[in-house]
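Trainee: This is the structure, below, for whatever I ask next.
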Amino acid sequence: QHRGPALSDAVGALCRALPPRARPAPDTLRRAKFDRPQASLDLWRLLYNLLKQIHGGKRAESDAIDNQIRFVKSALWYHGYGRPELYRLPCDGSVGSRELLLAFSWLLHRLSLVEKLLARNRVKTGDEISVCTCEDDLPNSQKSATEIAPEYGLEDRVDVRYLQWLNGRLRFQWQSLHAQQQEQCKLLHKIHLLTSGSHVDQNLRHLSVTEMDLVRQPEKCNQLLQLLESETMQLEAFLEWKKLEPVYWQWMETVLDSVAEEGSTCESQDAQVQQSSLAKVSPCCPWADSLTGQIERLSRDLMTLHDHLHKLVTHQRAAWCEKVKTRKEELQKEGFPAIARQIQESVELKLLDLTHRCAPNKNKAHGSCRLVFRSKHPASKRGFSRSVSKEPVSTVSATEVIRELQMREASLERELRQLQEECRQRLDEIAKGLNGVICISP
């Protein structure tokens, strides 16, 4: 009796937790369960807006619906969404609302969509910087995406010169970004240094860019207050959504059941059509009975062959087991257990070292961090020691981040040199097979 209202509350909380620019109507998700075509365009636009925000791109209202659909398909493929029914949907957005609902729910579960959007759209202080000292291994979603890459990827081969041009353009953009970040850090250092001692928080002790802007332009306080109120409403809706999230996934199980029922219905209809066509063909075709007899004889021959292969495999397995037993006795006489014990101890030591390296390191940082100025003379903090709570705050030093990045750079350089050496050896092997060609290494 309470399932309907609870579902409405869960869907409503989910919609309110999404950003205002990409907030769908709750009825859109409910209509999508029944594959209503009226909800298809709304869900395409919803996925387009959400994925644009996740990838940090600018949302263009003037984009045609076919361009938006192509972007959604490519972004879902990049994240590893492997349901082929979605990629077969037409680019006019006329059908497929249920498939889009499944893709939207997959993003909720796989990417923690709401949490990512809340973190990306929160009110900024202006002192943030992106830091990552983790290993850049591919996640499971991208590894699984390579399985469907040939079907939806590019079919033609790309010119090497175009890849070189892209590499040069990427290098230039990285250099420009690095210069901009250096300039930003210099300006932040000036603000932090000039406002040192102006903040009541002992952990900060200086104003942020947003606070400095409010000091210079007090009329922006109302705008900031509206942003904070909107973010607070989203956070409250997110807390409500987390409480009612199991109701949503129970409802999604019914959506999957309806998809499975329609699939089984289509398969049964196809089987009935095929059987009826065979029934119609058999009385009027004189060769049908002879074909059935040939199929039965082939089936008997296959069963006989299967039994023969099973006996042969059993005999070979027994022979191999006897050989392994004999060889094991010979190795024991030669002192093999001592050698095996030494190898096992060496492998265990290497595994311990590998486990130590792969263990989560507290110093490894990932994500957005706030830059805080730390004076070389901490004696000035004593005046704030009583009025501020002494709760520990997780911080990371810039020196530690630089050291981690330098170690990562050295590791990548070693890997690059190893790959270059392998490529050079491969080219030498290829060059040896070419007659009349002289290759001079750079």
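The values are calculated or read from the model by the stated rules, or taken from the named source; none is laboratory data. Everything numeric in this text was worked out from a predicted model, so none of it was measured. Cβ placement follows ideal geometry from the backbone for every residue including glycine, while neighbour counts extend to all protein chains displayed. Accessible surface is based on the protein model in full, side chains and every heavy atom, while ligands, DNA and RNA are left aside. Shrake-Rupley method; radii C 1.70, N 1.55, O 1.52, S 1.80 Å.
Trainee: Quick check on the range 202-217. Is at least one of its residues modelled with pLDDT of 90 or more and closer than 30 Å to Ala398 by Cα?
Mentor: No: zero hits.
Trainee: Name the single residue, out of those in the range 122-136 being open to solvent by less than 60 Å² (accessible area, probe 1.4 Å) and of a type in the set (S, T, N, Q), that is modelled with the highest pLDDT.
Mentor: Out of the qualifying residues, it is Thr125.
Trainee: So, in the range 172-192, of the ones that are of a type in the set (A, V, I, L, M) and over 28 Å from the mean Cα position of the chain (by Cα), which residue ends up nearest to Arg370 (Cα to Cα)?
Mentor: Leu188
Trainee: Given (1) within 34 Å of the chain's Cα centre (by Cα); (2) without any contact (Cβ under 8 Å) to a residue 40 or more places away in the chain; (3) assigned to a helix (DSSP H, G or I), identify the lone condition not met by Val158.
Mentor: Here Val158 clears every test but (3).
Trainee: Mind checking which residues of the range 188-200 are assigned to a helix (DSSP H, G or I) and surrounded by 11 or more Cβ atoms within 10 Å (Cβ to Cβ)?
Mentor: Leu188, His189, Ile191, His192, Leu193, Leu194
Trainee: Quick check, is Gln175 within 25 Å of Glu115 (Cβ to Cβ) and free of Cβ contacts under 8 Å to residues at least 12 places away in the same chain?
Mentor: Answer is no for this residue.
Trainee: Residues that are surrounded by 14 or more Cβ atoms within 10 Å (Cβ to Cβ) and either in contact with a Leu (Cβ under 6 Å, 6 or more places away or on another chain) or at pLDDT below 85 (or both): does the range 105-118 have at least one?
Mentor: Looking through the range 105-118, at least one residue is surrounded by 14 or more Cβ atoms within 10 Å (Cβ to Cβ) and either in contact with a Leu (Cβ under 6 Å, 6 or more places away or on another chain) or at pLDDT below 85 (or both).
Trainee: Restrict the check to the range 222-235 and report whether at least one residue is at pLDDT 85 or above and charged (D, E, K, R).
Mentor: Yes: the range 222-235 contains one or more residues that are at pLDDT 85 or above and charged (D, E, K, R).
Trainee: Which pairs have Cβ atoms under 9 Å, sit 6 or more apart or on different chains, and link a residue in the range 74-97 that is without any contact (Cβ under 8 Å) to a residue 24 or more places away in the chain to one that is outside any helix (DSSP H, G or I) and open to solvent by 50 Å² or more (accessible area, probe 1.4 Å)?
Mentor: Hits for this filter: Leu89/Val95.
Trainee: Within the range 1-22, which residues are assigned to a loop (DSSP other than H, G, I, E, B) and modelled with pLDDT under 85?
Mentor: Gln1, His2
Trainee: Does Gln38 fit the bill of being more than 25 Å from the chain's Cα centre (by Cα), at pLDDT 85 or above and over 12 Å from Leu100 (Cα atoms)?
Mentor: yes
Trainee: Under 18 Å from the mean Cα position of the chain (by Cα), under 24 Å from Glu245 (Cα atoms) and either among the hydroxyl-bearing types (Ser, Thr, Tyr) or at pLDDT 90 or above (or both): does that describe Leu101?
Mentor: So Leu101 does not fit the description; no.
Trainee: Can you name every residue in the range 104-132 that is part of a loop (DSSP other than H, G, I, E, B) and either charged (D, E, K, R) or more than 16 Å from the chain's Cα centre (by Cα) (or both)?
Mentor: Within the range 104-132, Asn121, Arg122, Val123, Lys124, Thr125, Gly126, Asp127 meet the criteria.
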